[in-house]
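Please read the structure below before turning to the comments.
The values are calculated or read from the model by the stated rules, or taken from the named source; none is laboratory data. These numbers were taken from a predicted model, which means no experiment stands behind them. Cβ sites come from the backbone with ideal geometry, for glycine too, and all protein chains shown count toward neighbours.
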Amino acid sequence: MDPVGVADVKGYKTWDTAVPLKNEPKDIGTRGEPSMDTIASLAPDLIVATTDLTPAAVKQLRKVAPVLEVTSADSTDQIGQMLENLDLIAKATGTTAKAETARTAFEAKVAEGKKALASAGLAGAQYAFADGYVASNQVSLRPYTSGSLIGAVNEAVGLKNAWTVKGDAAYGLGTTDVEGLTALPKDTRFAYIANDDDASSTPFTGALAKNAVWTSLPFVKAGEVHRLPDGIWMFGGPESMEAYIDAVVGALTK
């Protein structure tokens, strides 16, 4: 089912090319501040919103059409929440058969990835995934802890999350800087996702390339820094996570 409207179409096409939009939906504004007028002009039968949207905005949307609210994230069970959201949307749109197919494909991919990593001797391997940004010449890093969706998938395929920092209650995301990376185990394998269309998102090959702390890290010296393919949305659904599993297995076993 193709939506008639999507928030931040440009951002979606930049960061989620692994599961591309198949039509040309109308851009309805940002995810945090959608345009009520634009949404109303589309005369939707259903509006899907996340719990990140303010109650006031949801109240306005309900004046346009029925609203299905899905929980954005839950650090206590990210995979379960992802699949619950899949089922909720499927029931609301009459696509339950497709949702079951998507669930089965995801579960098969997890099993396939776990088997491939185990065969390569990587079951239980220390692994840290992060993204990073440069703002005002300062590098900020965002660890994906065990409470993140990426972290949950990592553990599902048999990797051990090397991060010890605490993540937030919803998304399981932490904060650190380059010095914080020194706390990672020496045998850590490090991976990240960036985007060539966003220069601020590539500090590992940019601002940190000549940083003395970064270049001294054991996993940097060992060549265990892996940039995964652009366009895999780290907060996406089953197909995004399938693409992520393929990327991780490919990077760690090559």
If Glu242 passes every condition in (1) assigned to a loop (DSSP other than H, G, I, E, B); (2) in contact with a Phe, Trp or Tyr (Cβ under 7 Å, 6 or more places away or on another chain) but one, which one does it miss?
-> (1)
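For the structure I just gave you, tell me whether Ala170 is touching a residue at least 60 places away in the same chain (Cβ under 8 Å) and more than 27 Å from Leu117 (Cβ to Cβ).
Details: touching a residue at least 60 places away in the same chain (Cβ under 8 Å): yes; more than 27 Å from Leu117 (Cβ to Cβ): yes.
When the stated conditions are applied, Ala170 passes them.
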With the condition kept exactly as written, say whether any residue in region 55-66 is within 25 Å of Ala99 (Cα to Cα), of a type outside the set (Ser, Thr, Tyr), free of Cβ contacts under 8 Å to residues at least 12 places away in the same chain and not assigned by TED's automatic domain parsing to the domain that holds Asp196.
-> no
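For region 47-54, check the following and say yes or no: at least one residue is more than 17 Å from Gly237 (Cα to Cα), in contact with a helix residue (DSSP H, G or I) (Cβ under 9 Å, 6 or more places away or on another chain), free of Cβ contacts under 8 Å to residues at least 40 places away in the same chain and in a loop (DSSP other than H, G, I, E, B).
Start the filter on region 47-54 by keeping residues that are more than 17 Å from Gly237 (Cα to Cα), which leaves 47, 53-54.
Next, only the ones that are in contact with a helix residue (DSSP H, G or I) (Cβ under 9 Å, 6 or more places away or on another chain) stay: 47, 53.
Adding the requirement that they be free of Cβ contacts under 8 Å to residues at least 40 places away in the same chain leaves 47, 53.
So of that shortlist, the ones also in a loop (DSSP other than H, G, I, E, B) come out as 53.
Yes, that holds for at least one residue.
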Just for region 116-147: of the residues that are among the small types (Gly, Ala, Ser) and in contact with a Phe, Trp or Tyr (Cβ under 6 Å, 6 or more places away or on another chain), which one is surrounded by the fewest Cβ atoms within 10 Å (Cβ to Cβ)?
-> Ser140
Mind checking which residues of region 13-40 are assigned to a helix (DSSP H, G or I) and touching a residue at least 24 places away in the same chain (Cβ under 8 Å)?
-> Thr14, Trp15, Met36, Thr38, Ile39, Ala40
Quick check, is Asp87 touching a residue at least 24 places away in the same chain (Cβ under 8 Å) and not hydrophobic (A, V, I, L, M, F, W, C)?
-> no
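Taking helices (runs of 4 or more DSSP H) that do not extend beyond region 64-181, which have at least 3 residues that are more than 19 Å from the chain's Cα centre (by Cα)? Steps first, please.
Details: elements: 78-93, 96-119, 149-156.
Here the list reads 78-93, 96-119.
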Boolean, Leu46 is more than 22 Å from the chain's Cα centre (by Cα), closer than 22 Å to Glu84 by Cβ and exposed (fewer than 15 other Cβ atoms within 10 Å of the Cβ) | yes
Could you please give the count of residues in region 186-210 that are assigned to a loop (DSSP other than H, G, I, E, B), exposed (fewer than 15 other Cβ atoms within 10 Å of the Cβ) and not β-branched (Val, Ile, Thr)?
-> 7
Somewhere in region 97-108, is a residue surrounded by 15 or more Cβ atoms within 10 Å (Cβ to Cβ) and either within 28 Å of Ala209 (Cα to Cα) or modelled with pLDDT under 95 (or both)?
-> no
